[in-house]
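**Q** Supplied in structure tokens, the structure appears directly below.
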Amino acid sequence: ANFSIASLLMACVLVIYRNDMNARISLARELVHAITDRQLLVLYQPQVGMDGKPTGAEALVRWQHPSRGLLSPDQFIPLAEESFLIRELGLEVLRQACELLSKWAEDPVLATKIVAVNVSPVQLQDAGFVSSVRQVLAATGANPARLELELTESALCMDVDQVREKMQALQANGVRWALDDFGTGFSSLAVLQSLPVQKLKIDRQFVESAAESESAKLLLAKIIEIADVMGMTAIAEGIETRQQRDMLAQFGCREFQGFLYGRPQPVAALESMMRVAVS
Ligand code: C2E
Ligand code: MG
Ligand code: MG
Ligand code: MG
């Protein structure tokens, strides 16, 4: 009896696995169309300085799926990375962000704002990465100095020399680099120091846990000190309350991003927020 229950369970697991595989394969197939049929929607989350005024925004992709509704990046970015569709997807997000920057260049208020775009480690591995970014910059006429590229620590597990070369090549064009989700990966501080990174994005998880214990709070303060010592700007992610913001500011953090200031939102909403903050 034990044996038959075990094999029944095994069969169930296999069926579930196969269904999951099929669902993933069909989603991957649909993703090809998403990129060409303009189903990718880019939302922008404001980043603010000490005065609460936006200094820029992070581009965050959504998939407006024809039948499944609005999908969040967690639901399709890993799939895009496995199927290498991330290269096209990432370029499409970059294209939209650079078109926005180019439009903003005409506007006295918006011309100074930064747009940050996430770059997947898979994209960075691509030999054509640097030239494709340059091509998008040239085609859109965006000012490279207003573009910030966000890299996660997992990108640093790859050939660091190659990663550094690509980062330096784009930095030479004026592009800035930020390290995303800092503290959650395994990159060494020595490696980090050797890269042209201007900004450390402190992961939301550190901000969250600082409320729970004194040691977590101390850790957060030290992370900001590390950024400072390395000559990098720290920006705290996942700021949801005024208390969190004040604690971070007390530790020396000067830039903030989180629901307290705004959710990822359509361009028009972001622009009016940027304009209101001026007057
Ligand atoms: P991320 O780059 O670390 O982006 C921050 C994520 O935290 C966003 O989730 C944002 O909506 C969320 N967030 C911001 N403030 C708060 C807050 O106050 N509280 C809470 N609970 N969450 C907050 P989202 O938009 O779902 O994106 C998730 C991840 O997907 C991103 O993490 C990024 O790694 C990836 N992603 C998004 N767009 C792209 C893209 O165009 N390309 C690539 N390669 N990855 C992307
Ligand atoms: Mg990011
Ligand atoms: Mg992050
Ligand atoms: Mg993240």
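**Q** Please work out if residue 99 is modelled with pLDDT of 95 or more, open to solvent by less than 40 Å² (accessible area, probe 1.4 Å) and charged (D, E, K, R).
**A** So residue 99 fails the test.
**Q** Could I ask something else about it? Given the options 202, 226, name the one that is within 15 Å of ligand 4 (Cβ to nearest atom) and among the hydrophobic types (A, V, I, L, M, F, W, C).
**A** Sole residue among the options that is within 15 Å of ligand 4 (Cβ to nearest atom) and among the hydrophobic types (A, V, I, L, M, F, W, C): 202.
**Q** Evaluate the following for residue 245: is it in a helix (DSSP H, G or I) and among the basic types (Lys, Arg)?
**A** Spelling it out, residue 245 is indeed in a helix (DSSP H, G or I) and among the basic types (Lys, Arg).
**Q** Within the range 127-167, restricting attention to residues that are away from ligand 2 (no atom under 16 Å from the Cβ) and β-branched (Val, Ile, Thr), which residue is surrounded by the most Cβ atoms within 10 Å (Cβ to Cβ)?
**A** The qualifying residue surrounded by the most Cβ atoms within 10 Å (Cβ to Cβ) is 133.
**Q** Oh, and also: Step by step: first the residues of the range 130-167, then only those that are acidic (Asp, Glu), at pLDDT below 95 and in a helix (DSSP H, G or I), then the one that is nearest to the chain's Cα centre (by Cα). Which residue is that?
**A** Restricting to residues being acidic (Asp, Glu), at pLDDT below 95 and in a helix (DSSP H, G or I), the top hit is 153.
**Q** Please state which one of 57, 97 is in a helix (DSSP H, G or I) and either touching a Cys at 6+ places or on another chain (Cβ under 6 Å) or in contact (Cβ under 8 Å) with a residue 40 or more places away in the chain (or both).
**A** 97
**Q** If I ask for residues that are at pLDDT 95 or above, open to solvent by 60 Å² or more (accessible area, probe 1.4 Å) and either within 16 Å of ligand 1 (Cβ to nearest atom) or in a helix (DSSP H, G or I) (or both), which ones from the range 168-197 would you list?
**A** 168, 171, 176
Table: residues versus (1) out of contact with any Leu (no Cβ under 6 Å at 6 or more places or on another chain); (2) more than 16 Å from ligand 2 (Cβ to nearest atom).
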| residue | (1), (2) |
| --- | --- |
| 187 | no, no |
| 192 | yes, yes |
| 196 | yes, yes |
| 199 | yes, no |
| 228 | yes, yes |
| 247 | yes, yes |
| 251 | yes, yes |
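**Q** Right, here's the next one. Being part of a strand (DSSP E or B) and out of contact with any Pro (no Cβ under 6 Å at 6 or more places or on another chain) is the filter here; which residues of the range 30-54 pass it?
**A** 40, 41, 42, 44, 47
The values are calculated or read from the model by the stated rules, or taken from the named source; none is laboratory data. Values in this document were obtained by computation on a predicted structure and should not be read as measured data. Glycine also receives a Cβ, built like all others from the backbone with ideal geometry; neighbour counts cover every protein chain displayed. Ligands, DNA and RNA are stripped out before the accessible areas are found, and what is left, the full protein with its side chains, is counted by its heavy atoms. Shrake-Rupley method; radii C 1.70, N 1.55, O 1.52, S 1.80 Å.
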